[in-house]
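Everything below concerns the one structure shown next.
Laboratory data are not the source of any read-out in this text; all were calculated from the coordinates shown. Remember, it's a predicted structure, so these values are computed and weren't measured experimentally. Ideal geometry is used to build each Cβ from the backbone, glycine not excepted, and the neighbour counts take in all protein chains shown.
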Ligand SMILES: Cc1cc2nc3c(=O)[nH]c(=O)nc-3n(C[C@H](O)[C@H](O)[C@H](O)COP(=O)(O)OP(=O)(O)OC[C@H]3O[C@@H](n4cnc5c(N)ncnc54)[C@H](O)[C@@H]3O)c2cc1C
């Protein structure tokens with residue numbers, strides 16, 4: 001029987017320290033500049049590519065870590081450096097996972113390398129699912145993909161929004177409706193290759209936080225992609241649609257629940273990002289509390305400050321444990337019978353918001369300025385309770401999973 005251990009093995013520690021070094025030496029020093037510029041930090045992505053930290057190989061290695069801790073460890077360290085820059089580095093992974101999860105071997109081999117480019121010519125990719133009228137309610141998506149049998153092409157029309165790297169990506173992965181009767185089971189994912197006519201960037205959003213990460217609308221007007229750009233292929237899609245139609249006849253609610261379950265596995269990774277930001281703010285607050293003196297003693301000498309730090313650290317450690325549990329379960333094939341993926345994302349993201357706000361309080365006036373990083377970390381932390389399913393949606397998924405009830 002496997003021995004129970006909470007310790008990272010030597011190889012994991014080495015990788016963690018290597019990522020931490022990059023986060024501390026390259027990412028953190030660049031954070032304030034790119035937050036102000038509100039632009040994609042291409043030179044930092046390139047630095048990451050040069051050392052192999054921005055590459056399919058690296059993420060695949062972490063993804064296939066048999067303990068499940070490779071990805072959460074990577075996310076925590078990079079986002080400890082800076083959330084906006086880190087999302088610019090890992091955002092491509094969202095699209096890559098879309099292809100790895102649904103694509104054929106040939107599709108993976110063709111498109112994923114083009115998502116990353118190489119160290120001399122780095123590229124990014126975008127995953128486009130959300131729409132102006134389909135955020136939490138993914139099933140109400142309207143972007144349509146229609147098959148033109150004569151030309152063996154799919155024709156995509158619609159507007160996507162909130163796409164990380166949308167419009168600046170080399171490769172876009174677009175989720176579209178192929179059968180409107182089936183709700184989210186009638187969706188399919190498509191590759192839109194580089195420079196495909198009809199795809200354009202709409203509005204680029206000016207954001208509250210993670211401002212170094214590019215977020216924009218993606219407009220699709222009669223975008224024609226070859227048949228081989230349907231992820232998984234036509235045969236597999238037709239089989240899946242036939243099964244979904246059968247299930248839909250048996251009860252529509254089951255169709256919806258299945259779609260929610262698929263998001264569960266990716267949520268611990270977002271939880272790990274939140275842990276990274278929370279830990280960064282906590283460390284700043286701890287350092288400040290032990291050096292800043294008022295009334296002739298360090299402010300941490302006041303129980304009111306010390307207890308806040310104790311709570312911050314306790315919650316961060318608890319969040320990490322939930323993230324690690326969910327990641328370990330996902331990797332070792334244990335079913336999320338209590339929505340453990342959603343639990344980890346919910347708790348970690350709410351912790352990040354709370355802890356970063358407390359950090360501002362502990363730094364006093366300095367915490368409120370851009371001279372210190374905690375106000376940026378607090379702005380950044382707000383995203384974790386919104387993307388990859390809001391906190392309310394996580395609670396809904398957890399409650400529904402626990403009760404088996406269609407909670408509305
Ligand atoms: C910076 C950023 C980057 C993003 N990146 C991507 C990306 O790369 N690709 C992509 O496809 N999407 C992306 N998103 C979209 C993101 O996933 C959505 O914003 C998110 O799912 C919420 O959707 P919405 O914004 O439409 O909010 P809505 O769904 O309109 O929700 C508004 C409010 O209503 C609440 N609410 C909704 N339904 C319920 C309910 N049933 N019960 C209780 N409360 C409810 C929500 O919790 C929220 O508080 C990104 C978003 C942002 C802000």
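Full extension of the segment from residue 307 to residue 246, taken as 0.36 nm per residue of separation minus the current Cα-Cα distance, would add 16.3 nm. How many angstrom lie between the C-alpha centres of segment 342-408 and segment 125-143? First find each Cα centre; the distance between them is then 22 Å.
Using the rule -39500 (n - 2.57) for each DSSP H run of four or more residues, divided by the residues of the chain, the 222 nm mean residue ellipticity is -17500 deg cm²/dmol.
Give the calculated FRET efficiency between residue 294 and residue 32 to the nearest 0.05, with a Förster radius of 25 Å applied to their Cβ-Cβ distance. So, using R0 = 25 Å, E works out to roughly 0.40.
For segment 125-246, the alpha carbon positions stretch 44, 30, 20 Å along the principal axes, listed from largest to smallest. The angle between the Cα long axis of helix 70-81 and the main principal axis of the chain comes to about 60°, on a 0 to 90 degree scale. Extension gain for residue 399 to residue 148 (0.36 nm times residue separation, less C-alpha to C-alpha distance): 86.1 nm. Using only alpha carbons, segment 262-403 has a radius of gyration to Kirkwood radius ratio (Rg to Rh) of 1.07. The angle separating the long axis of helix 105-116 from the principal Cα axis of greatest extent in the chain is about 40 degrees. Just checking the listed ones, 295, 387, 58: in the Gaussian network model of the chain with Cα springs under 10 Å, the one fluctuating most is 295. Translational diffusion coefficient of the chain (Stokes-Einstein, Kirkwood radius from Cα pairs, 37 °C, 0.692 mPa s): 148 µm²/s.
Based on the Cβ-Cβ distance from residue 317 to residue 60, what FRET efficiency comes out when R0 is 35 Å, to the nearest 0.05?
Rounded to the nearest 0.05, the efficiency is 0.75.
When every Cα-Cα distance of segment 1-127 is counted in 10 angstrom steps from zero, the calculated P(r) takes the values 12, 42, 32, 12, 2, 0 percent. Restricting attention to the chain, close to 85% of DSSP beta bridges with both partner residues there are antiparallel.
Our summary gives segment 125-246 a relative contact order of 28 percent, counting only alpha carbon pairs under 8 angstrom and 6 or more residues apart.
Comparing Cα centroids, segment 52-71 and segment 165-179 end up 24 angstrom apart.
Label-to-label distance, residue 238 versus residue 8, with points set 7 angstrom from Cα along the beta-carbon direction: 4.9 nm. You can think of it this way: the chain between residue 224 and residue 332 has 34.9 nm of extra reach, that is 0.36 nm per residue less the Cα-Cα gap.
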